[in-house]
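If you scroll down you'll find the structure; I have some questions about it.
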Ligand code: FAD
Ligand code: NAI
C-alpha cells in the first residue's frame, strides 16, 4: 500500500513550506516534495536571503570606504575579502534552510526528496479516489495536491546563459571575483539590487532597460528619484534599449544593443552580463497538462480566489500563479490555502501586500499608485514628506527620499503609500497595517510616533494629506 497523506505540497519555497507547516499545525497529515538538496526554495537558497546577505555586506564595505568618514570614523586602506563575504552569505543561507528542516520535523511534515509529478488527480480515476504523486520512483496517495513550484529566470533569445560570463541572479550571487564591467539586462528589482552589490564592490555597472523608466509598476515619481539616486552612486542606465545578441570570447562578452523602437545597433563590451528581464512560472515535468490543469496566457497555473485549479483536489500558490512574485505573497497564500483545506476561511488581502527594493536607499510600496488611481478614475488626496526634514535621518546622514501617502478624497481611507529612503522596507509595514484595518490618513496622523525615528516621516506624510505637516 502506498503511503497516503491529506495534503502533498510540491515545492518547498516560501509558498510550499509555509503551506505545509500551517496545514500540519491544523492537524492534517502533510508531505512536501522538494527536488533541491535543501528546503526553502528560490527565496532562501538563491533569492531573497543570499541577495540580502550580499546587499548588507557590500553596504558595510561602501560605508567603510565612503560614508563613515563624515561621522569621524577613519580607516586606513579598506580592503575587500570577497571569498569571506561569499562564505558568510553561504552560512546565512545554510542557517535559514536548516531552520526550515527543523520546522518540518517539529511540525511532523514529511519531506519527500526528489522531483514530484502528478500521476493521478484526486477523484480523477473514480468518485472519491485519492490523487497520486510520484517522487523518486515511489507513488504516494493524497486527498489534496498543492502546486508550489515557483518560478525561474526568463530567457532572452540571442543571450545564452552559462552562469559564468552570462549569468542569471543565481550566477550573479556566486561571482568569484568583482567584474570590471557588469552589464545588467533589465532595470527591474534583481538588476538594481544585484547591480548595486557589484557596483559597491568596485564594478562599473551599466543597466540596459527596454522601457523609458526603471522598475515598471512602481510609482513614477519614486522610480524617477531612484534612477537619479542610483546614477549619483555611479550606476549607468541606458533606457529605451534592447539587447539583440551576445557573443562570448576569452576577453568577455560583446552585446549588440539597439534602440527599443529599432534603429542603428551598437556594441557594448562586458566582463559579465546579468540577465534579469523577469521570471516565468516553473511548471515543466509536473504532469499538469496530463491531469487537465488549465494554464493562463502567461503559462501560470490558473486558479480561482481560493487557489483551486479547474481540477478538483489540485490547488496552486506562489510564483506559479498570477500576482506579484514575492516571498511574502507566496507565504500568505500558503497560510490561507492551508486554512481553507482545514475547513477555515483563509484569505489574502492583495491590496495590502508591500513590495520592497533593497537598494540603499530602499524603495517600498503598498496599495495603489497615483497612476493606477487616475486610470481607475478614483479621486484621491496625496501627502508627501521628505527625509531631509527628519531629525533621525539627518543624524544618520541618510537624507535622500520621501514618503507619499495616498488617501481617498471623500472617505480619507488610505489607498496606497510609496517611499524611497532609509529603511523604508520596514516603514511600509505601518501602511500595510493601515490598509488592512481600513484606516484613514487621519488615523495614521493621530497615532503617536516615537521621536526621533524615521517613522515620523510616515506620520508627517499622513499630516500632509490635509496640508498640516508640522516640520516643513
Ligand atoms: P520558490 O521559492 O521558487 O520555490 C519553489 C520550489 O519548488 C523550488 O525549491 C523548486 O526546486 C521546487 N520544485 C519545482 N518543481 C518541483 C518538482 N517537480 N518537484 C519538487 N520540487 C519542485 N521576494 C521577496 O519577497 N523579497 C525579496 O527580497 C526577494 N528577493 C529575491 C531575489 C532574487 C535574486 C530572486 C530570484 C527572487 C527574489 N524574490 C524576493 C522572489 C522570491 O524568491 C519568490 O517570490 C519566492 O521564492 C516564491 O516562492 P514560491 O514558494 O512560490 O516558489
Ligand atoms: P522585473 O520584472 O522586476 O524587471 C524586469 C525588467 O526587465 C523590467 O524593467 C522590464 O521592462 C525589463 N525588460 C524586459 N525585457 C527586456 C529586454 N528584452 N531588454 C531589456 N529590458 C527588458 O524582473 P526581475 O528583476 O528579473 O525580477 C524577477 C522577479 O523577482 C520580480 O518580479 C520580483 O517580484 C522578484 N524579486 C523581488 C525582489 C524583492 O522583493 N526585493 C528582489 C528580486 C527579485
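The values are calculated or read from the model by the stated rules, or taken from the named source; none is laboratory data. Bear in mind that the values here come from a model prediction, so they are computed numbers and not experimental data. Neighbour counts run over all protein chains shown; Cβ positions are idealised from the backbone, glycine included.
Could you check the stretch 219-258 and list, in sequence order, the residues that are within 16 Å of residue 196 (Cβ to Cβ), without any contact (Cβ under 8 Å) to a residue 24 or more places away in the chain and surrounded by fewer than 16 Cβ atoms within 10 Å (Cβ to Cβ)?
Once the filter is applied, which keeps residues that are within 16 Å of residue 196 (Cβ to Cβ), without any contact (Cβ under 8 Å) to a residue 24 or more places away in the chain and surrounded by fewer than 16 Cβ atoms within 10 Å (Cβ to Cβ), the stretch 219-258 yields 228, 231, 232.
Any residue in the stretch 186-207 that is free of Cβ contacts under 8 Å to residues at least 60 places away in the same chain, within 11 Å of ligand 2 (Cβ to nearest atom) and touching a strand residue (DSSP E or B) at 6+ places or on another chain (Cβ under 7 Å)?
Checked the stretch 186-207: at least one residue is free of Cβ contacts under 8 Å to residues at least 60 places away in the same chain, within 11 Å of ligand 2 (Cβ to nearest atom) and touching a strand residue (DSSP E or B) at 6+ places or on another chain (Cβ under 7 Å).
Then there's this: Regarding residue 329, is this residue buried (at least 18 other Cβ atoms within 10 Å of the Cβ) and either in a helix (DSSP H, G or I) or at pLDDT 95 or above (or both)? First the steps, then the outcome.
Values: buried (at least 18 other Cβ atoms within 10 Å of the Cβ): yes; either in a helix (DSSP H, G or I) or at pLDDT 95 or above (or both): yes.
Taking the combined requirement at face value, the residue satisfies it.
Now, a different point. Which of the helices (runs of 4 or more DSSP H) contained wholly in the stretch 371-472 include at least 2 residues that are under 25 Å from residue 228 (Cα atoms)?
Fully inside the stretch 371-472 and qualifying: 391-396, 424-436, 456-464.
Scan the stretch 350-360 and give yes if some residue there is away from ligand 2 (no atom under 16 Å from the Cβ) and at negative phi, otherwise no.
Yes, the stretch 350-360 contains at least one residue that is away from ligand 2 (no atom under 16 Å from the Cβ) and at negative phi.
Could you list, in sequence order, all residues of the stretch 179-218 that are within 20 Å of residue 79 (Cβ to Cβ), surrounded by 18 or more Cβ atoms within 10 Å (Cβ to Cβ) and more than 15 Å from ligand 1 (Cβ to nearest atom)?
Within the stretch 179-218, 179, 199, 200, 201, 203 qualify.
Something else: Identify the residue in the stretch 372-407 that is under 10 Å from residue 465 (Cβ atoms) and without any contact (Cβ under 8 Å) to a residue 60 or more places away in the chain and, among all such residues, is surrounded by the most Cβ atoms within 10 Å (Cβ to Cβ).
The selected residue is 406.
So, one more: Please enumerate the residues belonging to the stretch 320-349 that are more than 22 Å from residue 403 (Cβ to Cβ) and without any contact (Cβ under 8 Å) to a residue 60 or more places away in the chain. Before the answer, list the steps.
Filtering the stretch 320-349 down to residues more than 22 Å from residue 403 (Cβ to Cβ) leaves 320-323, 325, 327, 329-348.
Result: 321, 322, 323, 329, 332, 336, 340, 343, 345, 346, 347, 348.
Which of (1) touching a residue at least 40 places away in the same chain (Cβ under 8 Å); (2) touching a strand residue (DSSP E or B) at 6+ places or on another chain (Cβ under 6 Å) does residue 436 not meet, given it meets every other one?
Going through the list (1) touching a residue at least 40 places away in the same chain (Cβ under 8 Å); (2) touching a strand residue (DSSP E or B) at 6+ places or on another chain (Cβ under 6 Å), residue 436 breaks only (2).
Inspect all residues belonging to the stretch 295-313 and state whether any of them is away from ligand 1 (no atom under 16 Å from the Cβ), part of a helix (DSSP H, G or I), surrounded by 16 or more Cβ atoms within 10 Å (Cβ to Cβ) and touching a residue at least 60 places away in the same chain (Cβ under 8 Å).
Checked against the condition, which is being away from ligand 1 (no atom under 16 Å from the Cβ), part of a helix (DSSP H, G or I), surrounded by 16 or more Cβ atoms within 10 Å (Cβ to Cβ) and touching a residue at least 60 places away in the same chain (Cβ under 8 Å), the stretch 295-313 yields no hits at all.
Taking strands (runs of 3 or more DSSP E) that fall entirely within the stretch 112-152, which contain at least 2 residues that are away from ligand 2 (no atom under 16 Å from the Cβ) and surrounded by fewer than 19 Cβ atoms within 10 Å (Cβ to Cβ)?
Where strands (runs of 3 or more DSSP E) fall fully within the stretch 112-152 and carry at least 2 residues being away from ligand 2 (no atom under 16 Å from the Cβ) and surrounded by fewer than 19 Cβ atoms within 10 Å (Cβ to Cβ), they are 116-120, 138-147.
Still on this structure, please answer the following. Residue under question is residue 168, and the condition is that it be surrounded by 15 or more Cβ atoms within 10 Å (Cβ to Cβ) and either within 16 Å of ligand 1 (Cβ to nearest atom) or under 28 Å from the mean Cα position of the chain (by Cα) (or both); does it hold?
When the stated conditions are applied, residue 168 passes them.
Got a number for residues in the stretch 163-185 being closer than 11 Å to residue 275 by Cα and either touching a residue at least 60 places away in the same chain (Cβ under 8 Å) or within 14 Å of ligand 2 (Cβ to nearest atom) (or both)?
Just the residues of the stretch 163-185 that are closer than 11 Å to residue 275 by Cα, to begin with: 163, 165-172, 182-185.
Within this subset, residues satisfying the condition of being either touching a residue at least 60 places away in the same chain (Cβ under 8 Å) or within 14 Å of ligand 2 (Cβ to nearest atom) (or both) are 165-172, 182-185.
Going through the stretch 163-185 one residue at a time, the tally reaches 12.
Let me ask another. Could you check residue 253 against (1) within 14 Å of ligand 2 (Cβ to nearest atom); (2) part of a strand (DSSP E or B) and say which number it fails?
Of (1) within 14 Å of ligand 2 (Cβ to nearest atom); (2) part of a strand (DSSP E or B), only one is false for residue 253: (1).
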